[in-house]
Amino acid sequence: QVQLVESGGGLVQPGGSLRLSCSVSGSSVGINPTGWYRQAPGKERDLVANITPFGRTNYADSVKGRFTISRDIAKNTVSLEMNNLKPEDTAVYYCLLERSTTRYWGKGTLVTVSS
């Protein structure tokens with residue numbers, strides 16, 4: 001059974017930083033694509049960043065240069081380092097792992113950027 005658990009969300013001021021972590025069990029982040037999505041109130045869930053099994057990364061234009069996705073294969077975790085946060089980054093952030101044709105999601109962690 002594949003399970004993903006996010007952590008690290010919270011309240012941060014504009015310009016601040018947060019690091020999200022996703023702990024994965026039941027499948028390996030080293031051989032399956034993983035990523036982070038976010039969903040703001042009243043909006044659809046959108047891609048933030050993803051990373052392929054080969055380590056290739058991809059980012060939404062709105063976070064390029066500010067966010068960094070990484071993975072630790074030994075710990076089986078995926079992280080999202082978020083810098084220079086803006087109020088428009090406020091959302092619930094979800095971790096994703098894709099295995100074959102199935103998408104596995106975590107329950108999400110709330111990030112609020114506000115002064």
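A few notes on this one:
- Annotation: extensible slack from Lys64 through Asp46 equals 5.0 nm (criterion: 0.36 nm per residue apart, minus Cα-Cα distance).
- Take each peptide in 80-91, 48-59, 27-38, count the other Cβ atoms within 10 Å of every residue, and average; sorted highest first, the result is 27-38, 80-91, 48-59.
- The stretch between Arg99 and Ala74, if pulled fully straight at 0.36 nm per residue, gains 7.2 nm over its current Cα-Cα span.
- Here Lys64 is the anchor, and the lysines within straight C-alpha reach of less than 25 Å, apart from those fewer than 8 places off in the same chain, are Lys43, Lys86, Lys107.
- Dipole axis of the range 12-93 (+1 Lys, Arg; -1 Asp, Glu on Cβ), positive-most option in Met82, Ser17, Thr57: Thr57
- Distant-in-sequence amide H partners of Val48 (H built 1.01 Å from N, under 5 Å): Trp36, Tyr37, Arg38
- Derived scalar couplings between HN and Hα for the range 102-107 equal 9, 9, 10, 10, x, 8 Hz in order, rounded to whole Hz, by the Karplus curve 6.51 cos²θ - 1.76 cosθ + 1.60 (θ = phi - 60°), x for Gly and Pro.
- Calculated FRET value between Glu81 and Gln1, using beta carbons and R₀ = 22 Å, to 0.05: 0.15
- Accessible surface calculations at 1.4 Å, restricted to protein heavy atoms, place the chain at 54 Å² per residue.
- Full-extension gain in nm, Ser23 to Gln39, via 0.36 nm per residue minus C-alpha separation: 3.8 nm
- Net dipole in debye of the chain [+1 Lys, Arg Cβ; -1 Asp, Glu Cβ; about Cα centre; nearest 20]: 140 debye
- Element breakdown for the chain at a 1.4 angstrom probe: carbon and sulfur atoms account for 48% of the accessible area.
The values are calculated or read from the model by the stated rules, or taken from the named source; none is laboratory data. Nothing here was measured: the structure is a model prediction, and the numbers come from that model. Note that each Cβ is placed from the backbone with ideal geometry, even for glycine, and that neighbours are counted across all protein chains shown. Each accessible area value is taken on the protein alone, full model and side chains, heavy atoms only, with ligands, DNA and RNA left out. Shrake-Rupley method; radii C 1.70, N 1.55, O 1.52, S 1.80 Å.
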